[in-house]
Amino acid sequence: MTPAHARVFEGKRIWAMSQDSFLAAAALIAAHEASFVPELVVGLARGGVPLALETGRILGIPAVEIRARHNVSDLVGIQATGEVEVDEAALLTAVAGAGRVLVVDDICGSGATLQAVASLLSGAGVAARTAVLCRNEGADFPLDIWVWPVADWVGFPWEDPPPPDSIPLPHPRQVHTAQEAR
C-alpha cells in the first residue's frame, strides 16, 4: 500500500483539460450533487475555486474560497509533503450556519488536503461531501465524486498552458462515485 501522501505518476503523459471539458465536468458534478442539497460550495484555493464558482452558479448557491495548501510547488510530478495548511478560522466562519457543504478541488492527489478540511467540518458538525475533477490513482481518501481518474500530471485551464505535447483529457460523460470504488 502506498503512503497516504503518495501520488501515482506513470510519467507517460501530461493531461490537458480544456475549458469545454471543465464546464461539462462541473455540470455533471452539480447535477449529481443536487440531491445532496448543499447550502454552500467550498472551493479549496487555488485549484478548487473555478469549480466552486461554476458549481455554485449552476446550483444557485454561494461559493467561497478557502486557502488550503498541500503541495510545496506547482512543478510537474513533485510529490506532496503530507503536511497540509488550512485556513481553519476562515473555513469555520464561512460554513457557520450551513448544514450541508460541498467541498471541491481540482484534483485529489493524495487526499491529504480534503481529509484535513473534511475533518474540520465534521468536528464542527457540518455534513460535507467532496467532489473533484480528477482523482489520482494513488489517493486513498474516500472521495464522494470525481470525473477523471488519472495517473499522471494534469494541466487545468486556469493554469499556465501545458507543454505542446500534452494529451487532452477526454470529454466527460459521467462521474465516478465512492460506491464504485468499493
**OP:** Write out, first by first residue and then by second, each pair whose Cβ atoms fall under 9 Å of each other, whose residues are 6+ apart or on separate chains, and whose first residue, in region 155-175, is more than 10 Å from ILE14 (Cα to Cα) while the second is among the aliphatic types (A, V, I, L, M) and assigned to a loop (DSSP other than H, G, I, E, B).
**Re:** PHE156/MET17; PRO157/MET17
Subject >> Members of region 33-44 that are of a type outside the set (Ser, Thr, Tyr) and over 19 Å from ALA96 (Cβ atoms) >> reply: GLU33, ALA34, PHE36
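On the basis of being modelled with pLDDT of 95 or more and part of a helix (DSSP H, G or I), does LEU133 make the cut? Walk me through it before giving the result.
Values: modelled with pLDDT of 95 or more: yes; part of a helix (DSSP H, G or I): no.
Considered against the rule, which asks whether it is modelled with pLDDT of 95 or more and part of a helix (DSSP H, G or I), LEU133 comes out as no.
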**OP:** Test each condition in (1) touching a strand residue (DSSP E or B) at 6+ places or on another chain (Cβ under 6 Å); (2) buried (at least 21 other Cβ atoms within 10 Å of the Cβ) for GLY111 and report the one that comes out false.
**Re:** (1)
Original post:
With (1) assigned to a strand (DSSP E or B); (2) more than 14 Å from ALA131 (Cα to Cα) as the list, and ILE58 as the residue in question, which single condition is left unmet?
Top reply: (1)
Original post:
How many residues, within region 141-182, are among the β-branched types (Val, Ile, Thr), closer than 20 Å to SER110 by Cβ and in contact with a helix residue (DSSP H, G or I) (Cβ under 9 Å, 6 or more places away or on another chain)?
Top reply: 3
Original post:
Quick one: SER110 ticks every box in (1) within 13 Å of the chain's Cα centre (by Cα); (2) closer than 22 Å to LEU23 by Cα bar one, so which box is it?
Top reply: (2)
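Restricting to region 83-97, count the residues that are surrounded by 11 or more Cβ atoms within 10 Å (Cβ to Cβ) and in a helix (DSSP H, G or I). Steps first, please.
Let us first name the residues in region 83-97 that are surrounded by 11 or more Cβ atoms within 10 Å (Cβ to Cβ), namely 83-88, 90-95.
From the residues that got through so far, the ones that are in a helix (DSSP H, G or I) too are 88, 90-95.
Qualifying residue count, region 83-97: 7.
This table checks each residue for (1) in contact with a Lys or Arg (Cβ under 7 Å, 6 or more places away or on another chain); (2) polar (S, T, N, Q); (3) modelled with pLDDT of 95 or more.
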| position | (1), (2), (3) |
| --- | --- |
| LYS12 | no, no, no |
| LEU23 | no, no, yes |
| GLU39 | yes, no, yes |
| ARG46 | no, no, no |
| PRO50 | no, no, yes |
| GLY60 | no, no, yes |
| ILE78 | no, no, no |
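What residue, of PRO161, PRO172, PRO157, is farther than 22 Å from ARG57 by Cα and either assigned to a loop (DSSP other than H, G, I, E, B) or not charged (D, E, K, R) (or both)? Even if it seems obvious, please write down each step before you answer.
Numbers: PRO172 fails: farther than 22 Å from ARG57 by Cα; PRO157 fails: farther than 22 Å from ARG57 by Cα.
Unique residue meeting the criteria: PRO161.
The values are calculated or read from the model by the stated rules, or taken from the named source; none is laboratory data. Bear in mind that the values here come from a model prediction, so they are computed numbers and not experimental data. A quick note on method: Cβ atoms are made from the backbone with ideal geometry, for glycine too, and the neighbour counts reach across all protein chains shown.
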